[in-house]
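Input: a single structure, listed below in structure tokens.
Taken together, the values in this text are just the output of simple stated rules run on the coordinates, not laboratory data. Quantities reported herein were computed from a predicted structural model and do not represent experimental measurements. Cβ atoms come from the backbone with ideal geometry, glycine included; neighbour counts cover every protein chain shown.
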């Protein structure tokens, strides 16, 4: 099975800004507190989101299927602006789902190099954003959060069809990248915390899209070797003799 | 079985060639068998054929406008074969994933290796049959799949298709009074 030892970031510097968009659709799950929800939206209960102050609505708000094209009525950026929570803290995460037009692009992301690259690039991004030392993203980047463990279980995760809350079993979903193919046909990035301003949240989602597109371009472009099975005819007669004495 | 009833196939001929490659459609599988293999599989039933879609929705033709994949219907379902590793192989899951990992009664991981692609109609003709299997895999999982299918086919071939001659000799034993 795929190995954790391949957890080595890929250098995507040259591909940054050159890669075309290969992400087909986006889904976002926002955790936090809302003074007032946008019309037609409903929260999902999430026991991991905790506020000590009174907040009108607490939980998780999952988007529908969103578009990557700016200007589309279902563009992810517009949805984020309308639905961003009014209150966030270190217990809140922002999970981003990405889907692709072909299984091949998904297959290419099924290497430990992908979550390793996502981590590496977000470390640089967080520095560039000037996030404080005590910002929850550092805790997640350091591998201290049990909700986004630095582990790689792609082959096991793609078979998960149900959502369970076991954070220890082999193939659980609480990893930096959860390969949620069996349930949503997406890869889910669980690394990001909620940010206190919608613009920063939007920049974080855009960064994930940029990393993913650059990663797909940076992978070696060699044609994948076919796995070949061959078996020769064995027509040699096996002789078995059974002798019975009477 | 008398020797003259055993079909002699020249040694060195290829009985099965399978190639697996990750593709836009998931996993592209190409299967080419020796005519004796297809004839053997066909002989497990009456020769009746079925659309693969009727049994499972993982296998698809390479393109939507290609003719549907057809498989031979089995008369009786053969028992799954156990491999030395504890894994099992079978040919009763047309249209399903090629490898299904399960836990056995002791909680140990056991793989079900699906050789049902041998039942596809036309595997011995021309270039054989090429089709897509829905799903995504790491490269390492694909390598493991190749090894498991290779092992399973060897067992399947030895169990069902390798010629064997069994002689039973009845002798009187010497007795002393």
ask   = Per the helix-only calculation at 222 nm, which mean residue ellipticity applies to chain A, given -39500 (n - 2.57) for every DSSP H run of n ≥ 4 and division by its residues, nearest 500 deg cm²/dmol?
value = -8000 deg cm²/dmol
query = Looking at the stretch B:10-160 from every direction and averaging, what is the projected area of its Cα convex hull in nm²?
reply = 9.6
query = Over its Cα atoms, what ratio of radius of gyration to 2.2 N^0.38 Å does the stretch B:31-119 give?
reply = 1.19
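Just want the ordering: B:32, A:5, B:154, from fewest to most Cβ atoms lying within 10 Å of their own Cβ.
Placing the least packed residue first, the sequence is A:5, B:154, B:32.
Viscosity 0.692 mPa s, temperature 37 °C: what is the translational diffusion coefficient of the stretch B:74-177 from Stokes-Einstein with a Kirkwood Rh over Cα pairs, rounded to a whole number of µm²/s? All intermediate terms of the calculation are to be shown ahead of the outcome.
Values: Rh = 16.5 Å.
Roughly 198 µm²/s, to the nearest whole number.
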request  = Bin width 10 Å, alpha-carbon pairs only: give the P(r) of the stretch A:101-231 as whole percents, running from 0 to the bin holding the largest distance.
outcome  = 11, 39, 34, 13, 3, 1, 0
request  = With all distinct Cα pairs included, what does the Kirkwood hydrodynamic radius of the stretch A:157-235 come out to in Å, to one decimal, could you say?
outcome  = 16.2
key: Computed over the stretch A:4-218, the ratio Rg/Rh where both radii use C-alpha atoms and Rh is Kirkwood   = 0.93
remark   = Per GNM of chain B with C-alpha springs under 10 angstrom, the most fluctuating residue out of B:92, B:100, B:149 is B:100
note = Taking the square root of 5λ for each eigenvalue of the C-alpha gyration tensor of the stretch A:33-124, the equivalent ellipsoid has semi-axes, largest first and in whole angstrom, of 28, 19, 12
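In square nanometres, what is the average projected area of the Cα convex hull of the protein assembly as shown?
29.8
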